[in-house]
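Trainee: Okay, here's the structure, questions in a sec.
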Amino acid sequence: MTRRLPKKDVAIIGLGWTGSIMALELAKAGLDVVAIERGPWRDTASDFSITTAPDELRYAIRKEMFLRPKQETLTMRNKLDQTALPIRQFGSFLPPNGVGGGGMHWNGQTWRFLPDDFRIRSHTIERYGAAFLPENNFIQDWPMSYAELEPFYDRFEKVLGVSGQAGNLRGQIQPGGNPLEGERSDHYPTPPMKQGYSQSLFTKAATDMGLHPFPRPSANLSEGYTNPYGVRMAPCTYCGFCEWFGCANYSKSSPQTCVLPALMRYSNFECRTDSEVTKVNLSADGKRATGVTFVDSERTEWEQPADIVLICAFSFFNVRLMLLSGIGKPYDPASGEGVVGRNYAYQVGAGAVGHFGPGFNFNPFAGAGSLGAALDNFNSDNFDHGPHGFVGGASITNAYTNGRPISYHPVPPGTPGWGAKWKRAVHETYNSTTNVGAQGSVMSYRDSYLDLDPTYKDPLGRPLLRMTFDYHPNEQKMANFMMQRSGEIVRAMGAKQVSTNALRVPYTVVPYQTTHNTGGAVIGDDPKTSALNRYGQSWDVPNVFVTGASSFPQNAGYNPTGTVGALCYWTLDAIKSQYLKSETPLVQL
Amino acid sequence: MRRVTGLAIGLLLLGGTGARADLDSYVQVEKGRYLAVVGDCQACHASAKGPLAGGRAIETPFGNINAANLTPDRDTGLGRWSAEDFWHALHDGHSVTDGHLYPAFPYNYYTKVSRADSDALFAFLRSVEPVSNPVDRNTLPWPFSMRASMVAWNAVNFTPSAFQSDPNRSAEYNRGAYLVEGLGHCGACHTPMNLIGGPKDSQHLQGNSIQNWVAPNLTNDSQAGLGSWSVDDVVQYLQTGRTLHAAAAGPMGEVIAVSTSKMTMPDLHAMATYLKERGAAGPASPAPLPKSDGQMAAGETVYIDNCSACHARNGMGVPDLFPALAGAPSVRQVDPGTTIRVIIAGAQVVSTPAAPTAPAMPSFGWHLSDAQVADVVTYLRNSWGNAAQAVSASQVADVRRVVAAPGK
Amino acid sequence: MENPTRRQLLATTAAIGTAALAGTPTQARVISGALPWSPNESYPPTLVRPGPWQFFTAEEAAVVEAIADRLIPADELGAGGKDAGCAVFIDRQLMGPYGSNEWLYMEPPFVPDAAANFGIQSPVAPARRYRDGLAALAAHTRQAFSGRLFHQLDAEDQDRVLTGLEKGDIKIPDGKAFFNQVQSNVVEGYFADPIYGGNKDMCGWKLVGFPGVRYDYRDVIDNPNKPYTLPPVSLMGRSTKAAAR
């Protein structure tokens, strides 16, 4: 029997980056807010203290901070004519779980998409012609421009304290920054991180090649910083336990280090952990959310009535909840109709490893999640795509996030996989290897989408989300191009031997690639091709707003979090200045 | 004050001869509300039933005493009291309901509160919602159950007295003294005690150990007191819970959260001025242990491996986040108990509106042995210009026994 | 008469709603009003102490130790897989949730011969894989080497057997999967924190120059391309002798 709780003004599903920002700002505005998080409470001193956090086996190999597939997973198939099988062990991507979400254990790479990324469809047609677009693509312009989103990027960066060097400040190109970035209204809140030895080689080599390297914008802070919420952070100490780990010394931006201390002071905010929202409840006509239903750790069912429901879970789970709750028409690739599940995209990874031989001390263990030197010369439409026949681009970076030996023990090509020679090669190569990697865009396609699986279910008996996805020829060409550019750079850095890492095709769920899963509940100007309007408001259920990378019409050549944060403040602005007064659809057609 | 004036005008506009009396009582109640914050009444008198409803057991080494219900309930609170009765409780340590009060209620400090302030406090207490909460006020075991025994205690430790302004000092200094020595009752924790639990007046505000929290020396002493702090540092600490060298956790954290962070800046400045200007008294500074000392070398290893990522190799920490250990009085107290317990059990810094972060020192208890804790504490106490007595493994074991027990 | 201690009062702030309700890590909690905190709250891993085998039989353990010693042989660079404690590490891991695939999605239907890019689709958990694989390996070596077990062979024969498993030339069921399982666990055991039973005396970390759980490398960034000279540190300290009381 479902027990009914007293009504709240706002129910937030998931207490990650966007959930905690929404909660803080709406609690500040005087609303009664509850956040329901299916994972546990987590905080620095208890869960990632300096005495327990630096443990590669526990957190990087056994993946303790992440969602366990047993609780929820997806099924995957590459093509429409295949049967999807469950991802029984997460590999390619690692969905988060718990308070802080992915923002608790991310690397901290905080980018803004480039201005052309926001209108990649129109721009590509203008410059290269409509025929240049890849076959079966669903590429869409975003429903806002970079310039409109710029103040919100700025706000998010200031909450995080992002460390970087402005490259284009109000139209003026600044030395040391990224000259190809979109125009910024303000500097980064803290100066760029001090770079490591490997980054200095990359910077010199790339500059000599006529490219424009710059320090990668980082949410591992370069100095002590107090954000606009009054919350204070420490400088990063390059511990090399960044991605997949909580930060033990308050130097990685996360909901824990940037938002929760201010949020938890509000008595009109309540957090319920280890409680899973199973459904957004709708009125009889399906046009209004009445609240959510959730189960606690004893599987007791509760109903939480609310006037506004904010779906702020990880991208996949936003889409799944909408499908399970009947919010928006599910996408059907056969007919091409429907919007929920449409425009799923991912990220391309390709690169080159350089072996430098004896006499080098790269010291990879002295790393940080966003430490790196990057360049955008091959990103977005910053170069002439005409001769190459693909759309999209990649940021190219030399980075050291870590040197943790279970995963990182490189050997030169041709080394046996085990035995005495392997052991000697491991000993000699660890400190003399570095790599240059490309992180590239993925376009959206008619046959890359999410829906509910017909066979496999979760422990509560509900269908798992099914992913249909593969890398299309466009992405394969682009990855190959980037792999070659990466190889050129690492050779120019002085590598004696270079091995390249190609994009794995067909898409495989096995080795880790990236957790930049985008789309499925995209924003747009047309309800036929988007689930949400430009403010992240459901076209169908106006008191439901959805945040996260599920909003992206397609993915660009960067990590998504910066844009997720900017969109969150953009949506929040619309809720506070418009929706709270009108309680109506914010976009009239 | 602007707020009061606005409301005063509002009340006057409501008209009628009653408005004047309402204004006076409104002003008095608001003054009393503020004084209740200064006196931190909530710290003892709050419970699940309400912020002043009493009933909470206050631990003393002689047993537990339940705090009184201060709400104006006629049967279980102060509903039948007069302002004169309240004055006698505050000033003389005598309750018209219960007889002699035990100095768990620090009447030996509150005696300095002026009659006007006492009346304002009482006016505030009369204005809160009455809560019915019967409290058993006689729970101490015999012979302490005999309240008449307080006569003897008072004879040794207490004389009712009024606050005396010092004409040779500034108005600000005197205000600070009035607050510190009266409602602030800082000495109740920060002054060492004699065998019967009374304050050792000769060592007033020179620091005290209460169950392995060390309330530090508050004189202007340079080794263990506020000597290296400016007046502004003291104000910042009381208002936000942190300075370069200190981050309030534990009992003082709560005092800051509930009381001092809500006081006015002039009052905080006055208290700071008084504490800084009333003189210095403290332990002699020993010579710092040399780096070659066995404990120092071992402690440095522990420090580099465990502590430097937050407190930095040079002991300077991160301002307003991780306290600087270099030059920190808390690390130089004669009793190293606070430093030891914070390492073993961890500690959460207080969250205040001005500084909400509340970072927490993790618990190292599972990770460091008694010897390692002793070595690193000795290292902290004798590095970067600090000098204080070395610490032994058995001292650490004693603290660990208390703070690392389950349920602590 | 001692004045009241504040310590006791800390615990009771929960009464006025400023701290979290207590709960086990997986129990639903309601949190409002303050960042929850409790003293002594940390969740270290359980220290693996040497002792009798918990998962392996004595024979199985001898075989796993011998395999570890060929995958990572003892030489002048440091201990081999056996002395590093890899078999101890694996033994304890198999007793826990890793061994039984407790965290994985193990609902049917299973399609074990699915293409590799679909990932694990077999219901066989690591514990089962060791049990079955070691039994099959024992059957093979008894048959091929006159009744001897793997650890009784000479090094050359051992290497030949491992290569055969690795490439699938030795026809034992799921031989490749078994080899891959053992190899990845041996590497884990060699490089994981010694608290888990392997990487004895941090031999794995010393092999590559990984300083362990250290958390402050600002001096490395400030001194580029210089060798790092401080010894490695593990969760239990600089020495692998148990440091806690």
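Readers should treat all values here as calculations from the given coordinates under stated rules, not as data from a laboratory. No experiment lies behind these values; they were computed from the predicted model shown. Because the Cβ atoms are built from the backbone with ideal geometry, glycine has one as well, and the counts that use them run over all protein chains shown.
Trainee: Could you list the trypsin sites (Lys or Arg not before Pro) in region A:197-263 that lie in coil according to DSSP, counting only those with at most 10 other Cβ atoms within 10 Å of their Cβ?
Mentor: Loop-located and lightly packed - none at all.
Trainee: Is there a simple number for the mean count of other chain Cβ atoms within 10 Å of the Cβ of residues in A:425-433, and what is it?
Mentor: 3
Trainee: How big is the gap, in Å, between the Cα center of region B:203-237 and the Cα center of region A:467-488?
Mentor: Centre-to-centre distance over Cα atoms comes out at 64 Å.
Trainee: Related question: Exposed loop GluC sites (Glu not before Pro) only (DSSP loop, at most 11 other Cβ atoms within 10 Å): please give the longest stretch of chain A free of them, not including the sites.
Mentor: By the stated rule (loop sites, at most 11 other Cβ atoms within 10 Å), A:299-589.
Trainee: What does the helix-only formula give at 222 nm for chain A: each DSSP H stretch with n ≥ 4 adding -39500 (n - 2.57), the total divided by the residues, and the result rounded to the nearest 500 deg cm²/dmol?
Mentor: -6000 deg cm²/dmol
Trainee: Next question. At 0.36 nm per residue, minus the direct Cα-Cα distance, what do residue B:116 and residue B:24 gain on full extension? Give it in nm, one decimal, please.
Mentor: Contour length minus Cα-Cα distance gives 31.8 nm.
Trainee: Still on this model: For residue B:58, what residues show an amide H to amide H distance below 5 Å, using hydrogens built from the backbone and excluding near sequence neighbours?
Mentor: It is B:65, B:66, B:67, by chain and number.
Trainee: Dipole of chain A, Cα-centred, from +1 at each Lys and Arg C-beta and -1 at each Asp and Glu C-beta, to the nearest 20 debye? It would help to have the intermediate numbers written out before the result.
Mentor: Details: 54 positive and 53 negative charges, 244 e Å.
Around 1180 debye, computed over chain A.
Trainee: Would you please classify the overall shape of chain C from the alpha carbon gyration tensor, given that a ≥ b ≥ c denote the square roots of the eigenvalues, rounded means a/c under 1.5, and beyond that prolate means a/b larger than b/c while oblate covers the rest?
Mentor: prolate
Trainee: Further, regarding this structure: What does the charge add up to near residue A:579, with Lys and Arg as +1, Asp and Glu as -1, over the other residues with Cβ less than 15 Å from its Cβ?
Mentor: Summing Lys/Arg as +1 and Asp/Glu as -1 gives -1.
Trainee: For chain B, what relative contact order do you get, as a whole percent, if you take Cα pairs closer than 8 Å and at least 6 residues apart?
Mentor: 13 percent
Trainee: In addition: Less than 12 Å Cβ to Cβ from residue B:288, Lys/Arg counted +1 and Asp/Glu -1: what total charge do the surrounding residues give?
Mentor: For residues surrounding residue B:288, the net value is +2.
Trainee: Sticking with this structure for a sec: Counting only residues 5 or more places away or on other chains, whose amide H sits under 5 Å from the amide H of residue C:214 once H atoms are built in the peptide plane?
Mentor: C:233
Trainee: Continuing with this model, one more query. Full-extension gain between residue B:138 and residue B:92, please, as 0.36 nm times their residue separation minus the C-alpha to C-alpha distance.
Mentor: 14.6 nm
Trainee: Still on this model: Which ³J(HN,Hα) values in Hz, rounded to whole numbers, follow from the phi angles of region B:308-317 under the Karplus curve 6.51 cos²θ - 1.76 cosθ + 1.60, where θ = phi - 60° and Gly and Pro get x?
Mentor: Here the 3J(HN,Hα) series is 5, 5, 10, 8, 6, 4, 8, x, 8, x Hz.
Trainee: Would you calculate the separation in nanometres between label points at residue B:155 and residue A:204, each defined as 7 Å from the Cα along the Cα-to-beta-carbon direction?
Mentor: 8.8 nm
Trainee: To the nearest whole number, what is the average tally of beta carbon atoms from other chains within 10 Å of the beta carbons of peptide B:148-160? Walk me through the numbers before you get to the answer.
Mentor: Values: counts 0, 1, 1, 0, 0, 1, 0, 0, 0, 1, 0, 0, 0.
If you average over the peptide's residues, the count of other-chain Cβ atoms is 0.
Trainee: List the DSSP H helices in chain C whose Cα atoms stretch 30 Å or more along the helix axis and whose mean Kyte-Doolittle hydropathy is at least 0.0. It would help to have the intermediate numbers written out before the result.
Mentor: Values: long enough: none.
Going by DSSP H runs, there are no hits.
Trainee: Here is a further query. For chain B, what is the calculated [θ] at 222 nm in deg cm²/dmol (nearest 500), taking -39500 (n - 2.57) for each run of four or more DSSP H residues and dividing by its residue count? Let's see the in-between values first.
Mentor: On the way: 17 runs with 166 residues, N = 408.
Dividing the helical sum by the residues of chain B leaves -12000 deg cm²/dmol.
Trainee: If I take every Cα pair under 8 Å that is 6 or more residues apart in region B:294-403, average their sequence separation and divide by the length, what percent do I get for the relative contact order?
Mentor: Rounded, it is 31 percent for region B:294-403.
Trainee: With runs of 4+ DSSP H residues as the only contributors, calculate the mean residue ellipticity of chain C at 222 nm using -39,500 (n - 2.57) per run, divided by the residue total and rounded to the nearest 500.
Mentor: The helix contribution divided over chain C gives -11000 deg cm²/dmol.
Trainee: Rounded to whole Å, give me the distance from the Cα center of region A:275-338 to that of region A:5-73.
Mentor: If you average the Cα positions of each part, the centres end up 19 Å apart.
Trainee: Here's something else I'd like to know. Would you work out which of B:210, B:191, B:281 lies farthest towards the positive end of the dipole of region B:183-291, given +1 charges on the beta-carbon of Lys and Arg and -1 on that of Asp and Glu, about the Cα centre?
Mentor: Highest projection toward the positive end goes to B:210.
Trainee: Related question: Can you work out the Karplus-derived ³J(HN,Hα) for every residue in region A:339-355? Use 6.51 cos²θ - 1.76 cosθ + 1.60 with θ = phi - 60°, whole Hz, and x for glycine or proline.
Mentor: Going residue by residue, I get 10, 7, x, 6, 6, 6, 9, 9, 8, 9, x, 7, x, 9, 10, x, 9 Hz, with x marking Gly and Pro.
Trainee: In degrees, nearest 10, range 0 to 90: what is the angle between the Cα axis of helix A:561-574 and the longest Cα principal axis of chain A?
Mentor: With rounding to tens, the tilt is 30 degrees.
Trainee: Using 17 Å as the cut-off for backbone N distance, which residues of region A:207-229 belong to the label zone defined by a point 7 Å from the Cα of residue A:491 along Cα→Cβ?
Mentor: Zone members listed by number: A:207-211.
Trainee: Which cross-chain or sequence-distant (5 or more) residues have an amide H under 5 Å from the amide H of residue B:210, H modelled 1.01 Å from N in plane?
Mentor: Placed amide hydrogens put B:215 under 5 Å from residue B:210.
Trainee: Provide B:112, A:28 in ascending order of the number of other Cβ atoms located within 10 Å of each residue's Cβ, fewest first.
Mentor: Ascending number of Cβ neighbours within 10 Å: A:28, B:112.
Trainee: Going by Cα centres, region B:285-364 and region B:142-199 are how many Å apart?
Mentor: Here the answer is 33 Å between Cα centres.
Trainee: Moving on to the next point. Angle check, please: helix B:115-127 long axis (alpha carbons) against the longest principal axis of chain B (alpha carbons), in degrees 0 to 90, nearest 10.
Mentor: 80 degrees
Trainee: Now for a different question. What is the sum of charges around residue A:550, taking Lys and Arg as +1, Asp and Glu as -1, for the other residues whose C-beta is under 11 Å from the C-beta of residue A:550?
Mentor: Working: positive: A:320, A:342; negative: none.
Counting the neighbours of residue A:550, the net charge comes to +2.
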